[in-house]
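A short worksheet on the structure shown next.
No value in this document is a laboratory result; all are computed from the given coordinates. What you see is a predicted model; the values in this text were computed from it and never measured. Positions of Cβ are generated from backbone atoms using ideal geometry, with glycine treated the same way; all protein chains shown enter the neighbour counts.
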Ligand code: BLA
């Protein structure tokens, strides 16, 4: 169901100079224990971004997922990009979240980077319902203008791919802002905040149980620690930590 969006995303990344990066062995693809699903991931590095990860989980009519996070270079304070699209077929339930994930909750920062997302909020009221977050705190690493829809597919009016394309375009245009004005947040602080984002996400992410049920405990723990959240604290994968340190500006 999300394949056209996945292709659009990977095509966009490649078109902007994305170079595929190695994924720890065994994590790039995994078949579900019951044979009824497959998870695949891609990792990119591209100008302006130190890491851009993409994950697609296809479990047929039971579950469809497209998840992606973009981490700008530490010299760039612009928000991270977060996408989490889920379709639970049996319950006919959609959870669609797309946000410019702010490093800080600050008016000047919002004024600088969020005009585009504010426009999308008005253009796509289907994704503007004030959803209640159960796991996350909406005031930490989420923006007040996030596109969020939880409910039946009919609630999106078939606009998910249109909203997705517009969201991506709008996120790319942040690079123009970043190129023309300097960061107010120092690189060391951007690094600290990006790592805190991962820590926060790894602690709150409601996906742990879902991964374990599809792919088993051992694989899921590796996937979370080595691929989704490599800088988070319970991380046991030292080589990844060293890799990140060596990119320090
Ligand atoms: C919710 N995301 C969820 C849920 C699951 C996942 C199972 C709960 C569904 C529900 O609320 O009914 C699944 N999360 C995943 C998967 C991955 C993952 C499969 O990270 C990894 C492959 N989540 C993100 C990103 C954003 C995000 C980048 O990973 C930002 C846009 C948001 N997901 C997000 C939000 C919710 C959610 C806001 C609702 C959670 C809540 O109610 O607090």
Within the chain, helix-based [θ] at 222 nm, where runs of 4 or more DSSP H residues each add -39,500 (n - 2.57), nearest 500: -10500 deg cm²/dmol
Mean-position separation - Cα centroids, region 127-167 and region 43-82, in angstrom: 17 Å
Relative contact order of the chain, pairs being alpha-carbon contacts under 8 Å that are 6 or more residues apart, as %: 16 percent
For 145, 52, 219, order by how many other beta-carbon atoms lie within 10 Å, fewest first: 219, 145, 52
Whether region 136-181 is rounded, prolate or oblate, judged on the alpha carbon gyration tensor where a/c under 1.5 counts as rounded: oblate
Global geometry of region 1-62, whether rounded, prolate or oblate, following the gyration tensor of its Cα atoms and the 1.5 cut on a/c: oblate
Cα convex hull of region 1-146 - mean projected area over all directions, nm²: 10.1 nm²
Three-way shape call for the chain based on the alpha-carbon gyration tensor, with the a/c threshold at 1.5: oblate
Packing-based exposure ordering (other Cβ within 10 Å, fewest first) of 203, 198: 203, 198
Computed over region 1-49: relative contact order in percent, which uses C-alpha pairs under 8 Å that are six or more apart: 39 percent
Per-residue Cβ neighbour rank within 10 angstrom, fewest leading, 121, 186: 186, 121
Simple label model, 7 Å out from Cα along Cβ direction - residue 105 to residue 118, nm: 1.8 nm
Directionally averaged projected area (convex hull, Cα atoms, region 97-172), nm²: 5.0 nm²
